[in-house]
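Notes for the one structure printed next.
Just so it is clear, none of the values below were taken in a lab; they were calculated from the coordinates. Given the structure is predicted, the values throughout are model-derived calculations rather than measurements. Note that we place each Cβ from the backbone using ideal geometry, even for glycine, and neighbour counts take in every protein chain shown.
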């Protein structure tokens, strides 16, 4: 199964007089990148939280926000008087020197971090386990979204690869005709500029065989068939994170398509090559969001 890197998860739980709300958002990214927004009461558990998310979400740009709402009576708080006095003295001196308005000085000081602190700023381990349970539920939700979106992306990718294979079969029909057209064209040029009676038939056949070997598409088409087959097999693999492998395979598929185009020397085959490239680009856009 495929998993997208895009998803959303949310959960909440009530612990004593507080409600903890967990929100997770995930977008595509080359590596695991975490933007973590948590209240100070959860700072002691930050390292554990980061490891948990990295282990379970694997890859993508993830935003985790945990907020706390007070439920019921107001939370006790205290003012750090020594810190407030220190700020006031320094800021009062500055406003006097600048002859600035100091009517809002005290209100501004109270908004400075750490001047006012919560009365209870320690979360018990038992409460953290409840928060982590909600976090786990949010991760399960986001991974479900990833699986649902991945299923849709799998259908799209399968369609693109099957279209490439279909164009490849059409190309195989044109291959013998291409060689005959090249042969007839070279023969015509020789007849016009050299004369049919002046051409060494044996040498002509030898040179023609050598030329056909240089522009032969068999090797590229065999590799292209193998890459497409492996791509479909890999999509069914149980491995969770395979976006990079799929992306690498698409690069290899593109390499074989490009080489086919450079050796084609045929307008009809070039047309099929252009259509294959179009299908390939559509597949690449989808793979960018695969986990």
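A few points about this structure:
- For the pair residue 216 and residue 111, label points projected 7 Å from Cα toward Cβ lie 7.8 nm apart.
- P(r) tail fraction, the chain - alpha-carbon pairs more than 34 Å apart, %: 54
- Angle in degrees between helix 218-235 and the longest Cα principal axis of the chain, rounded to the nearest 10: 30
- Rounded to the nearest 10 degrees, the inclination of helix 46-57 to the longest alpha-carbon principal axis of the chain is 30 degrees.
- Zone of residue 132's modelled label, taken as backbone nitrogen in segment 18-52 under 15 Å from a point 7 Å along Cα→Cβ: 42-52
- Dimensions of segment 74-182 along the principal axes, based on C-alpha atoms and rounded to the nearest Å, stand at 95, 47, 18, largest first.
- Alpha-carbon spread of segment 77-116, three principal axes, descending order, Å: 33, 16, 12
- Label reach from residue 158 (point 7 Å along Cα→C-beta): in segment 235-250, amide nitrogens under 14 Å belong to 235-237.
- MRE, 222 nm, helices only [DSSP H, n ≥ 4, -39500 (n - 2.57), over the chain, to nearest 500]: -21500 deg cm²/dmol
- Set of segment 1-23 residues, backbone N closer than 13 Å to the point 7 Å along the Cα-Cβ line of residue 238: 1
- For the chain, built as a Gaussian network whose Cα springs stay under 10 Å, the top-fluctuating residue of 269, 112, 15: 112
- Residues 272, 185, 227, arranged from fewest to most other Cβ atoms within 10 angstrom of their Cβ, appear as 185, 227, 272.
- Inter-centroid distance (Cα atoms) of segment 188-257 relative to segment 96-171, Å: 47
- Over the chain, Cα pairs under 8 Å with separation of 6+ residues give a relative contact order of 27 percent.
- FRET efficiency, 1/(1 + (r/R0)^6) with R0 30 Å, evaluated for residue 43 and residue 86 via beta carbons: 0.80
- Angle in degrees between helix 201-214 and the longest Cα principal axis of the chain, rounded to the nearest 10: 10
- Candidates 123, 158, 249, ranked by Gaussian network fluctuation over the chain, Cα under 10 Å, top entry: 123
- Descending semi-axes in whole angstrom, ellipsoid equivalent of segment 1-103, from the Cα gyration tensor: 40, 21, 12
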